[in-house]
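*Asks:* Here's a structure for you.
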Amino acid sequence: MSAPAPLRARVDTRLPGRLAHSATERTGGVGPSTPDFAAWLAARERAHRFAVERIPLAELDGWSFDAGTGNLTHRSGRFFSVEGLHVTTGAPPFPEWHQPVIHQPETGILGILAKEFDGVLHFLMQAKMEPGNPNLLQLSPTVQATRSNYTKVHRGSDVKYIEYFTTPGRGRPLADVLQSEHGSWFYRKANRNMLVLTDEDVAVDEDFCWLTLGQLGELLRQDTVVNMDSRTVLGCLPGLPAEPWARHPDTELLSWFTGERSRHEVRAERTPLRDAVGWHRDAWTVSHAAGRYFRVVGLAVQAGNREVTSWSQPLFEPVGQGVTAFLCRRIAGVPHVLAHARVEGGFLDTVELGPTVQYTPDNYAHLSGPDRPPFLDDVLCADRRRIRYDAVHSEEGGRFLNAVSRYLFVDAEDTGAAADPPAGYRWVTPGQLSALARHGHYVNVQARTLLACLTTGAVRL
């Protein structure tokens, strides 16, 4: 009989220290220096031809509205479709609603390749164009691809570096977890968020560069530079320490979260798009009768550095800028953030932990009193001295057009609702939130962006 395989440590105890060391390295070395990064990104933009044009929905090549359902689908039957969603929660101020939703029943890969240079972990990042980005070119993961993309349904070129994330044994995973995307706009969409460490020599394509965690933290302090797909992957890194003390012990926190999932009765049913009450279609958009929320629009795209260099597609365009914020405070000297067990119609399991505030204020301007979202006005009116972090980031530019939110960490007032938060809110430590983010469908994509700011050192509480 062959000898049994040797036992290995369950946890790499050196990894948090290696990540912390990378987060302190803010100048760079292997790739562009932090001061030179803007020039590098601008050079990559000049190296390719990018063009985006709004077009009528009927001119979308390969896309059409189904005669029976009104759903907007691709002729291949792949990629995604725009359908209707009917959500019932029974909770005010919106106990029931209809909306368009993106249905994409395939799991994509968001992967960042890591390698150590001179004792410092670096991460291979890509200058990638997405048609919905307000500035088109942003910093994306090494791989950012749907299954349709990396299996080449589009008949384009290969996805660079995909083999590190699809070939077992090609590298060592530092993080690997299925995570949800925007539950307000996707129906049960998940991507595989991966960080893989390699010891191989990696030939670096001209649109890619190696950056440290510290450099990424510096770039996260700038508006619309690091894209959503990079932020969600960085938010899954096990880089934050496990604090020995917390307002709520881990088992108590998990019990509360399980209770929140149990007490919410969310019914979300896909429906024909034509049956979405309150929404109408014209030549250019599918939009809400009150002019709120978002609209479905069409774009024709040219991008010289993509697997396919020209295409057209529908995108969701929000009406107004979002505000996404964690209230934060120290409890007995330990940093905490106020998490919200948030219901979104497209979630797989009723609620996920989100930031304290995650709203588009324009959508709630007509509401007052108890119908106003909790803590929204506190964040909007916060004195600058209370704001620890403030940057504008865009959401996923492959599906959403000009979808930007102001992301903040705001010191909580010593009095008021934050001191004794209402049902659905709990004070959690960054370490507790980070531990939950290493499991699927616990921490939503907006909260993972703010976690990435902590992991990379963009903000310290």
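The values are calculated or read from the model by the stated rules, or taken from the named source; none is laboratory data. What you are looking at is a predicted structure, and each value in this text was computed from that prediction instead of being measured. Neighbour counts run over all protein chains shown; Cβ positions are idealised from the backbone, glycine included. Note: areas computed on protein heavy atoms with side chains; ligands, DNA, RNA excluded. Shrake-Rupley method; radii C 1.70, N 1.55, O 1.52, S 1.80 Å.
*Asks:* Between SER262 and GLU413, what FRET efficiency follows from the Cβ-Cβ distance if R0 is 45 Å, with the result rounded to 0.05? Intermediate results must be reported in sequence, preceding the final value.
*Replies:* Details: r = 31 Å, r/R0 = 0.69.
The computed FRET efficiency comes out at 0.90.
*Asks:* Relative contact order of the chain, please, whole-number percent, based on alpha carbon pairs below 8 angstrom and at least 6 residues apart. Write down the numbers at each step before the final one.
*Replies:* Numbers: 1004 pairs, mean separation 100.0, N = 461.
22 percent.
*Asks:* In region 232-307, what chymotrypsin sites (Phe, Trp or Tyr not before Pro) fall in a loop by DSSP, with at most 16 other Cβ atoms inside 10 Å? Intermediate values should be presented prior to the final figure.
*Replies:* On the way: sites: TRP245, TRP256, PHE257, TRP279, TRP284, TYR293, PHE294; in loops: TRP245, TRP284, TYR293.
Answer by residue number: TRP245, TRP284.
*Asks:* Can I ask one more? Antiparallel versus total DSSP beta bridges in the chain: what percent is that, nearest 5? Don't skip to the answer; put the middle values down first.
*Replies:* Numbers: 84 of 102 bridges.
Within the chain, antiparallel bridges account for around 80 percent of the total.
*Asks:* Counting Lys +1, Arg +1, Asp -1, Glu -1, what net charge surrounds ALA437 among other residues with beta carbon under 11 Å of its beta carbon? Spell out each step's value before the answer.
*Replies:* Numbers: positive: ARG438, ARG448; negative: GLU352.
With Lys, Arg at +1 and Asp, Glu at -1, the neighbours total +1.
*Asks:* Kirkwood Rh over alpha-carbon pairs of region 1-56, then Stokes-Einstein at 20 °C and 1.002 mPa s: what D in µm² s⁻¹, rounded to an integer? Intermediate results must be reported in sequence, preceding the final value.
*Replies:* Working: Rh = 16.6 Å.
After rounding, the answer is 129 µm²/s.
*Asks:* In nm, give the distance between the simple-model label positions of ARG54 and GLU106, each being 7 Å from the Cα along the Cα-to-Cβ direction.
*Replies:* 2.9 nm
*Asks:* Please report the carbon-and-sulfur percent of the accessible area for region 331-461; probe 1.4 Å, protein heavy atoms only, DNA, RNA and ligands left out. Spell out each step's value before the answer.
*Replies:* Values: 2120 of 4410 Å².
In region 331-461, the share of accessible area belonging to carbon and sulfur is 48 percent.
*Asks:* Continuing with this model, one more query. How much accessible area per residue does the chain have, in Å², with a 1.4 Å probe? Numbers along the way, then the final one.
*Replies:* Values: 19750 Å² over 461 residues.
I get 43 Å² per residue for the chain.
*Asks:* Still on this structure, I have one more. Could you tell me the ratio Rg/Rh of region 39-140? Both radii from Cα atoms, Rh via Kirkwood.
*Replies:* Numbers: Rg = 20.1 Å, Rh = 18.1 Å.
With Rg and the Kirkwood Rh in hand, the quotient comes to 1.11.
*Asks:* With a cut-off of at most 15 other beta carbons within 10 Å, and DSSP calling the residue loop, which chymotrypsin sites (Phe, Trp or Tyr not before Pro) in region 348-439 qualify? Please list them. Each step should come with its number before you reach the end.
*Replies:* Values: sites: TYR359, TYR364, PHE375, TYR389, PHE400, TYR407, PHE409, TYR425, TRP427; in loops: PHE375.
Passing both the DSSP loop test and the Cβ count: no residue.
*Asks:* Loop-only GluC sites (Glu not before Pro) in region 174-243, please: DSSP not H, G, I, E or B, and at most 14 other Cβ atoms within 10 Å.
*Replies:* Values: sites: GLU181, GLU200, GLU206, GLU218; in loops: GLU181, GLU200, GLU206.
Taking region 174-243 and a limit of 14 other Cβ atoms within 10 Å, the loop GluC sites (Glu not before Pro) found are GLU200, GLU206.
*Asks:* Taking a quarter of the surface of the convex hull around the Cα atoms of region 313-461, what do you get in nm²? Walk me through the numbers before you get to the answer.
*Replies:* Working: hull surface 38.8 nm².
Its Cα hull, projected and averaged over all orientations, spans 9.7 nm².
*Asks:* Let me check I've understood the local charge: for ALA47, count other residues with C-beta under 15 angstrom from its C-beta, Lys and Arg +1, Asp and Glu -1. What total comes out? Let's see the in-between values first.
*Replies:* Numbers: positive: ARG44, ARG46, ARG49, LYS128, ARG306; negative: GLU45, ASP205, GLU206, ASP207.
Every neighbour counted, the sum reads +1.
*Asks:* Another question, then. Please work out the Cα center distance from region 430-460 to region 120-144, rounded to the nearest Å.
*Replies:* Region 430-460 and region 120-144 have Cα centres separated by 19 Å.
*Asks:* Can I ask one more? Any idea how far the Cα center of region 238-277 sits from the one of region 337-378, in Å?
*Replies:* Between the Cα centre of region 238-277 and that of region 337-378, the gap is 13 Å.
*Asks:* Turning to a different aspect of this structure: I need the calculated FRET efficiency for the pair SER33 and GLU163, taking r as the beta carbon distance and R₀ as 22 Å, to the nearest 0.05. Walk me through the numbers on the way to the answer.
*Replies:* Numbers: r = 29 Å, r/R0 = 1.34.
Once the sixth-power term is evaluated, E becomes 0.15.
*Asks:* Using label points projected 7 Å from each Cα along Cα→Cβ, tell me how many nm separate GLU307 and GLU206, to one decimal.
*Replies:* Each label point is offset 7 Å from its Cα along the Cβ direction, giving 2.2 nm.
*Asks:* Now a separate question. Which one, VAL351, PRO168, TRP245, is farthest towards the positive end of the dipole of the chain when Lys and Arg carry +1 and Asp and Glu -1 on their Cβ?
*Replies:* Farthest towards the positive end: PRO168.
*Asks:* Is the shape of region 256-310 rounded, prolate or oblate, going by the alpha carbon gyration tensor and its root eigenvalues a ≥ b ≥ c, with a/c under 1.5 for rounded and a/b larger than b/c for prolate? Please report the intermediate quantities before stating the final value.
*Replies:* Values: a/c = 3.08, a/b = 1.52, b/c = 2.04.
It comes out oblate by the Cα gyration axes.
*Asks:* Something else now. For GLN321, what charge total do you get from the other residues with a beta carbon under 14 Å from its beta carbon, if Lys and Arg give +1 and Asp and Glu give -1?
*Replies:* Numbers: positive: ARG292, ARG406; negative: ASP223, GLU317, ASP362, ASP390, GLU395.
Combined, the nearby Lys, Arg, Asp and Glu give -3.
*Asks:* Give the average over all directions of the projected area of the C-alpha convex hull of region 180-277, one decimal, in nm². Before the final figure, lay out the partial values.
*Replies:* Values: hull surface 48.2 nm².
Result: a mean projected hull area of 12.1 nm².
*Asks:* Using only DSSP helix segments of four residues or longer, with each worth -39500 (n - 2.57), what per-residue ellipticity at 222 nm results for the chain after dividing by its residue count and rounding to 500? It would help to have the intermediate numbers written out before the result.
*Replies:* Values: 10 runs with 81 residues, N = 461.
The helix contribution divided over the chain gives -4500 deg cm²/dmol.
*Asks:* If you don't mind, there's one more thing I want to ask. Kindly rank 417-424, 22-29 from highest to lowest mean number of other beta carbons found within 10 Å of each residue. Intermediate results must be reported in sequence, preceding the final value.
*Replies:* Working: 417-424: 14.0, 22-29: 18.2.
Top of the packing list down: 22-29, 417-424.
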